[in-house]
1. Mind checking which pairs have a first residue in segment A:15-42 that is among the aliphatic types (A, V, I, L, M) and a second that is assigned to a loop (DSSP other than H, G, I, E, B), Cβ under 8 Å, 6 or more apart or different chains?
2. What tally of residues in segment B:1-32 results from selecting those that are away from chain A (no Cβ under 14 Å), surrounded by 12 or more Cβ atoms within 10 Å (Cβ to Cβ) and within 11 Å of DNA strand C (Cβ to nearest atom)?
3. Taking residue B:58 and the conditions (1) touching an Asp or Glu at 6+ places or on another chain (Cβ under 9 Å); (2) more than 12 Å from DNA strand C (Cβ to nearest atom), which numbered condition does it fall short on, given that it satisfies the others?
4. Looking at segment B:63-83, which of the residues that are touching a Lys or Arg at 6+ places or on another chain (Cβ under 9 Å) and at pLDDT 95 or above is surrounded by the most Cβ atoms within 10 Å (Cβ to Cβ)?
5. Kindly indicate the residue of segment B:33-55 that is within 25 Å of residue B:93 (Cβ to Cβ) and away from DNA strand C (no atom under 14 Å from the Cβ) and also nearest to the chain's Cα centre (by Cα) among those meeting that condition.
6. Which is crowded, with 21+ Cβ neighbours inside 10 Å, within 24 Å of residue B:253 (Cα to Cα) and either within 14 Å of another protein chain (Cβ to nearest Cβ) or touching a Lys or Arg at 6+ places or on another chain (Cβ under 8 Å) (or both), of A:261, A:280, A:232?
7. Might you check whether a residue that is at pLDDT 95 or above, in contact with a Leu (Cβ under 8 Å, 6 or more places away or on another chain) and within 16 Å of DNA strand D (Cβ to nearest atom) occurs anywhere in segment B:14-22?
8. Scan segment B:83-130 residue by residue and report those that are among the small types (Gly, Ala, Ser) and in contact (Cβ under 8 Å) with a residue 24 or more places away in the chain.
There are 2 protein chains.
Amino acid sequence: MGSSRITVREIARLAGVSVATVSRVSNGTGQVSEEMRRRVLDAIEKHGYRPDHLGRALAAGRHGAVGLVFPGLSGPYFAELIQGFESEAVQSGASVHILCTHLRSDSDAQVLEMGRRVDGMVLLGGTVADETVRRLAETIPVVLLAGSGHETAPVVRVDNTAAMTGLTRHLLVEHGLRRLVFVGDPEGSPDVGQRWAGFLAAYRGLGVLPPVGPVRVGMQQPDGVLAAGHLLRGPERPDGIVCANDELALGVLVGALGRGLLVPRDVAITGFDDAPMAALVSPPLTTVRQPVRELAAEAARLVLRAVDGRGAPVEGVVLPTDLVIRASCGCGTDAPATGQPI
Amino acid sequence: MGSSRITVREIARLAGVSVATVSRVSNGTGQVSEEMRRRVLDAIEKHGYRPDHLGRALAAGRHGAVGLVFPGLSGPYFAELIQGFESEAVQSGASVHILCTHLRSDSDAQVLEMGRRVDGMVLLGGTVADETVRRLAETIPVVLLAGSGHETAPVVRVDNTAAMTGLTRHLLVEHGLRRLVFVGDPEGSPDVGQRWAGFLAAYRGLGVLPPVGPVRVGMQQPDGVLAAGHLLRGPERPDGIVCANDELALGVLVGALGRGLLVPRDVAITGFDDAPMAALVSPPLTTVRQPVRELAAEAARLVLRAVDGRGAPVEGVVLPTDLVIRASCGCGTDAPATGQPI
DNA sequence: TTGAAAGCGATACCAT
DNA sequence: ATGGTATCGCTTTCAA
């Protein structure tokens, strides 16, 4: 209880100096004689004084904090993301506010409210309305992560479309598969929308008729198990299942194996992300590697830079992906095992 | 840029009233005539005024924020935890600060620093030194989550020891297994420490000699795959693998299946948490259900209540678990499929 | 009902 | 080098 209540004024009184001097000493700014510095330092030490953050922030006109807004936590993807962001922010001395908009109707208001408590924000693509992003962006620096900016704010992302086109082409061309199905909801997030677009583009590029529509499900492993249950039931099953992320793919794999099917002989399965588990299952998963942590760290760096104000205005960034060919697509063990840029 | 810079004073001037009146109107406190209220509301509306959070917090002596400190994100457990905490906090109008101590040496200092920016904190058990918890607790309300408090702060947890004893007894007694091995690092977190203790207690309770030691690994699915690789190699393999959480168990299952072993015929496998995937794999996982989200929500409620100050001082809480018998332990399909309290 | 003014805790300018 | 004081934006007595 005690140590928290003590202020600059107290220390100044106790050390027999002015508050200005205390401030100078505690911040290391300005010139202070050795004598004074000692007196102040002693008082600070003795009473465990630490300047109050609110007072300091008010005077500085800065919160010393950045915010991260995401739809909800699900799986390794978000975990990586948050860690990447947090790590970078904390390193720069900024504290991290988070907000899950997950299924809350008033989330736009909450996002705006957060905008009043931080110096800058990173929003995951598709979590808040474009209009909200626009309003926010005229107040504080905003960076979009894995979304499509619609000119409202700089975006940090990968080229989902191209990556998915590359993966789908591999299935279509190298393995001659034709009855592919895409698992994931294109409307669920910009990422998935772009991947679905890339999936379709591969078909178009080869002049073959694409499947009617995606299997719209969530993005977690259990969703994949359920989707597999649906897809692999009848005799007319697909010859390849292209999943919007690795978690879904892992779930589909579990579901397929659980039904006694052989992968990739009976059905090929692919993912996206290259999560740690992807390499460890049997058969190991063919997927697309994206630098999730680095994406988040880069977004953090960008807002932090924008908050700092100096330097060129921040611009969006596109980070590279790798096509990771393993065995779940049907490639033999002697096929290239490591990634090639796409 | 524009709308953010406007202050109470501005509004007061524009509406031709005093700042006190503006404050009263914008907070709905005190008595204000309809005439004044209209004038102020108009000005506020017209200029999009929203009171600055720092000024307000400084005057109130409150941050309106709570912090959550965890070691690092890994898997569904932490995701649930964060969401449970965040959801409860935001509902109470508090913003949420997070800090991952993960592998950072100066984390104790950072935890203390966070203590200056929030009104209360929840710390995951085992993330910071007892001494740090103690120092923090004399400044702001602190609640421990899934840890052992050592009298420094109230703890919200489940009875890991009893739950794991129940599960282990089931393996030992019902299935007559004897060569069990525990996978997980008891020193990694208080939770795992308690589960290991419960595992040992089951042996002691039956007077049979427990295995020498745990297989110390991380807590994620890939760690389980690796552990399985180790354990199931030779001819002297265990007849049951008791995992510290479901993720490990899922990994071990994948590893076992990948080696062509049959579960539970060749080896039984159990988990802890009852993650969504646990029910969906083949065979479905025998495990212990713990209310992760509720644990975090309860911790949030406790710290929020403590911050609020009124009411009885907060005390620790132990939430119930359920033993969930499925098939991975060797139980047949006609065995009880749903949980029984332990 | 309304307004003037005193904080909240810290910083920084301006004299000295 | 040091101290006095205005300032940051808001809330809240205290008078009127």
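The values are calculated or read from the model by the stated rules, or taken from the named source; none is laboratory data. Predicted model only: the values in this text are computed from it and were never measured. Cβ placement follows ideal geometry from the backbone for every residue including glycine, while neighbour counts extend to all protein chains displayed.
1. Once the first residue is among the aliphatic types (A, V, I, L, M) and sits in segment A:15-42, its partners that are assigned to a loop (DSSP other than H, G, I, E, B) give A:25/A:32; A:36/A:17; A:40/A:17; A:40/A:32.
2. So the count comes out to 13.
3. (2)
4. Selected residue: B:67.
5. Applying the filter and picking the extreme gives B:50.
6. A:280
7. no
8. Answer for segment B:83-130, where residues must be among the small types (Gly, Ala, Ser) and in contact (Cβ under 8 Å) with a residue 24 or more places away in the chain: B:84, B:87, B:89, B:92, B:93, B:94, B:95, B:115, B:120, B:125, B:126.
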